[in-house]
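The values are calculated or read from the model by the stated rules, or taken from the named source; none is laboratory data. Model, not experiment: these values are computed from the prediction. Quick reminder, even Gly has a Cβ in these numbers, built from the backbone with ideal geometry, and neighbours come from all protein chains shown. Areas reflect the complete protein model, heavy atoms only, side chains present, ligands, DNA and RNA absent. Shrake-Rupley method; radii C 1.70, N 1.55, O 1.52, S 1.80 Å.
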Amino acid sequence: MKMWDGRFAKTTDRLMELFNNSLPFDRLLIREDIEVNRAWAEALRACGVLSATELKKIVSALNAIERDCKKGSVRFEPGDEDIHMAIERMVIEKAGPAGAKIHTGRSRNDQVATDLRLYAKKSLQDIIDEIIVLQKVVLARAESDVDVVMPGYTHLQQAQPVIMAHYWLSLFYALEREKSRCIHAANTADILPLGSGALAGSGFVIDRALLAKKLGFAAVSDNSMDAVATRDFVLEALSVCSAIGILLSRYAEDLIIWSSKEFGYVELDDAWSTGSSMMPQKKNPDSLELLRGKTGRLIGNYTSLAATLKGTGLTYYKDLQEDKEPLFDSVSQTAMMLLVFSRVLSTIIINKDRTVKNLDPLLLATDIADYLTTKGVPFRDAHHITGDLVSHCIRKKVNISEISLEKLKMFSSRFDKDIKRKLTWNSALAGRDIAGGTGKNSVKRQIRKAKKLLGAAKP
Ligand code: ARG
């Protein structure tokens with residue numbers, strides 16, 4: 001027998017039961033569902049649907065289910081269609097006729113939306129916490145790598161020298177943006193749908209503001225049809241998760257390349273690498289590869305819900321049951337990815353000598369062009385002159401910083417003695433102390449600001 005089968009003459013097909021059943025995944029909402037049931041029971045008491053004794057019976061039934069949940073001894077029945085039906089069945093079993101009143105004035109439509117919003121809020125907070133952990137690690141990396149000079153890349157071609165700390169700080173500030181996206185997503189979820197009924201609003205005079213307060217929501221929904229139909233908060237959370245994945249994946253990609261023999265800038269700790277079943281010498285950066293690989297899955301989860309929603313009119317259709325697995329998967333994977341990346345970065349070994357040795361002297365070309373412009377040569381001409389010089393160095397296989405002043409003067413009469421001082425990594429870096437630049441003072445300012453931002457973030 002089913003809770004809703006009064007109007008049915010035939011039983012549901014076994015395959016349909018299996019197809020319809022969401023308990024295998026929505027059991028993850030058990031704590032939220034208990035909490036929502038408790039608040040709903042109190043609201044029903046306040047509007048006179050439940051007597052004080054009935055409320056007590058229901059609350060103690062819910063408490064008992066919660067205790068079982070903590071012990072891991074909740075018993076589901078084959079007939080439980082979803083977590084909401086399962087909890088209602090248990091409440092009826094434990095509280096008797098009082099329990100049969102718990103579903104008064106509500107629908108699973110407003111119930112599931114409420115449970116899921118609570119879950120989304122909590123998971124986004126967990127992700128924010130992991131972002132902060134990673135930011136701390138990134139900041140520590142930056143502080144220890146302020147003296148490491150390395151090539152900065154565009155098109156995977158060496159472009160200009162940068163301080164490695166500058167590279168790490170780029171991640172810090174990107175994570176700061178992800179944090180505010182999470183906060184925005186959590187705010188989107190922070191609205192109470194309960195009291196919206198199936199779609200038209202509950203037929204009972206429920207104090208929704210009080211319900212919102214009890215369940216920790218910032219506001220109540222303004223429109224019952226919107227409240228039961230919308231999954232924008234899930235989409236928002238999935239979008240944040242994909243954005244975080246995409247961000248981490250780009251850094252993982254760099255580090256995978258940097259850990260190769262050809263680059264050799266970094267070495268992953270053994271604890272975050274794996275070996276090959278066949279080639280004994282191998283040490284593979286699997287932690288980083290998985291970060292990159294899982295990002296595809298996060299994007300897939302977003303796409304999957306977006307595709308589901310686009311064809312789903314108002315208000316509730318069973319299509320919406322497909323919102324949960326992508327959400328559960330994305331938030332747990334994202335939190336784990338952030339944690340793994342924190343661990344990888346806090347244990348990674350930096351080969352400082354290698355990054356400096358690998359710097360192509362030609363990376364000073366932009367500084368030479370800039371030098372000529374300070375001597376009055378228009379930049380476009382300076383660019384051309386320096387290009388000639390670069391081409392000469394490549395053809396003659398000579399180091400640009402070792403060319404004599406006399407020779408330099410053959411490319412431009414504006415070259416002077418002071419050019420020699422310009423042709424060092426430190427001078428190139430010192431010339432970039434502009435706000436946001438890779439100069440050492442700029443990097444130190446970035447570190448100071450990052451510390452301030454972290455100090456302001458509540459852990
Ligand atoms: N298990 C359903 C879901 O996750 C609960 C809502 C069911 N509502 C309904 N009208 N059948 O979406």
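Side notes on the structure shown:
- Debye intensity ratio in log₁₀ form over the Cα atoms of segment 37-155, taken at each q of 0.15 Å⁻¹: -0.78
- Set Lys56/Lys324; Lys283/Lys449; Lys179/Lys449; Lys261/Lys420 screened for pairs whose C-alpha atoms are more than 27 Å apart: Lys56/Lys324; Lys283/Lys449; Lys261/Lys420
- Accessible area per residue for the chain is 50 Å², calculated with a 1.4 Å probe on protein heavy atoms, without ligands, DNA or RNA.
- For peptides 155-163, 31-39, 1-9, sequence by mean Cβ density within 10 Å, most packed first: 31-39, 155-163, 1-9
- Shown for the chain: the carbon plus sulfur share of the solvent-accessible area, taken with all protein chains present and a 1.4 angstrom probe, equals 55%.
- Computed from the C-beta positions of Leu405 and Val356, the FRET efficiency with R₀ = 35 Å rounds to 0.85.
- Shape analysis of segment 326-459 based on the Cα gyration tensor places the equivalent ellipsoid semi-axes at 43, 19, 14 Å, largest first.
- Taking 1.567 mPa s as the viscosity and 4 °C as the temperature, the Stokes-Einstein diffusion coefficient of segment 366-438 based on its alpha-carbon Kirkwood radius rounds to 102 µm²/s.
- If the convex hull is drawn through the Cα atoms of segment 1-82, its volume per residue in Å³: 116 Å³
- Heavy-atom accessible area for Ser273, with the other protein chains in place and a 1.4 Å probe, reaches approximately 20 Å².
- Sequence of Asp82, Asp433, Asp353 from largest to smallest accessible area, 1.4 Å probe: Asp353, Asp433, Asp82
- Projected label points at Leu339 and Lys2, each 7 Å from Cα along the beta carbon direction, are separated by 3.8 nanometres.
- Considering only the Cα atoms of the chain, their convex hull presents on average a projected area of 30.0 nm².
- Whole-Å semi-axes of the ellipsoid equivalent to segment 1-44 (Cα gyration tensor, √5λ, descending): 27, 17, 5
- Across Glu54, Glu236, the residue with the most accessible area heads the list, and the full order at a 1.4 Å probe is Glu236, Glu54.
- 3J(HN,Hα) along segment 220-233, derived from phi through the Karplus expression 6.51 cos²θ - 1.76 cosθ + 1.60 where θ = phi - 60°, amounts to 9, 5, 8, 9, 5, 5, 4, 4, 8, 8, 6, 10, 4, 5 Hz, with x in place of Gly and Pro.
- FRET efficiency, Ser346 to Arg445 (Cβ-Cβ, R0 25 Å, nearest 0.05): 0.60
- If you sort Tyr317, Tyr153 by accessible surface, 1.4 Å probe, largest first, the order is Tyr317, Tyr153.
- For segment 192-331, alpha-carbon Rg over 2.2 N^0.38 Å: 1.55
- With each label modelled as a point 7 angstrom along the Cα→C-beta vector, the Lys422-Asn284 pair spans 4.9 nm.
- For segment 182-242 and segment 273-294, distance of Cα centres in Å: 43 Å
- Figure legend: label point modelled 7 angstrom from the Cα of Ser170 along Cα→Cβ; residues of segment 409-451 with amide N under 12 Å from it are 438.
- Using θ = phi - 60° and Karplus 6.51 cos²θ - 1.76 cosθ + 1.60, couplings along segment 4-20 (whole Hz; Gly, Pro as x): 10, 8, x, 8, 9, 8, 10, 7, 6, 4, 4, 5, 4, 4, 5, 5, 7
- Peptides 181-191, 13-23 ordered by average Cβ neighbours within 10 Å, highest first: 181-191, 13-23
- In this simple spin-label approximation, Asp126 and Asp319 carry label points 7 Å from Cα along the Cα→Cβ vector, and these lie 2.9 nm apart.
- Applying 1/(1 + (r/R0)^6) with r as the Cβ-Cβ distance of Thr53 and Ala198 and R0 = 30 angstrom yields a FRET efficiency of 0.55.
- The Kirkwood hydrodynamic radius of segment 337-396, based on inverse pair distances between different Cα atoms, is 14.5 Å.
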